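Read through the structure below, which is laid out as structure tokens, and then see the notes.
The values are calculated or read from the model by the stated rules, or taken from the named source; none is laboratory data. Bear in mind the structure is a predicted one, so any value in this text is a computation, not a measurement. Using ideal geometry, Cβ is built from the backbone for each residue, glycine included, and neighbour counts are taken over all protein chains shown.
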Amino acid sequence: MDIIEKIKQLRDERGWSTNQLALEAELTQSTVSTLLTKGNALPSLDTLMRLCDAFGMTLAQFFTEDEQSELVSAREKLLIRRYRALSEEKKQAVLTLISEGTCVP
């Protein structure tokens, strides 16, 4: 498996720029840019875990070749991305809403 190509593929599937990927993964743009443009660079475990988190997947899912193994739906990924963009106060409000079961279908 080519780790860098997989990262590029996942980034492209989401329509993200390198800068957007860096923001989502809470990495510097320089780190992500260097990783994706240097042919011999491989991400550290911490960096790869941050990237996987940004993509809404586990390390195990990242290394699984089978597309059927994706456990996080596109809708769940969208929810995660939107949740991450919230302020801490709004994140707490969402968690409270969910834990109290007051969501109305």
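Descriptive notes on the structure:
- Verdict on residue 15 being under 22 Å from residue 73 (Cβ atoms) and at pLDDT below 90: no
- Residues of the stretch 7-17 that are within 12 Å of residue 35 (Cβ to Cβ) and buried (at least 16 other Cβ atoms within 10 Å of the Cβ): 7, 11.
- Scanning the stretch 64-84 for residues that are loosely packed, with under 13 Cβ neighbours inside 10 Å and modelled with pLDDT of 85 or more yields 82, 83.
- The condition (being farther than 14 Å from residue 25 by Cβ, surrounded by 11 or more Cβ atoms within 10 Å (Cβ to Cβ) and modelled with pLDDT of 85 or more) is satisfied by just one residue among 58, 37: 58.
- When the stretch 1-44 is filtered for residues that are assigned to a loop (DSSP other than H, G, I, E, B) and farther than 26 Å from residue 82 by Cα, the ones remaining, listed by number, are 1, 2, 38, 39, 40, 41, 42, 44.
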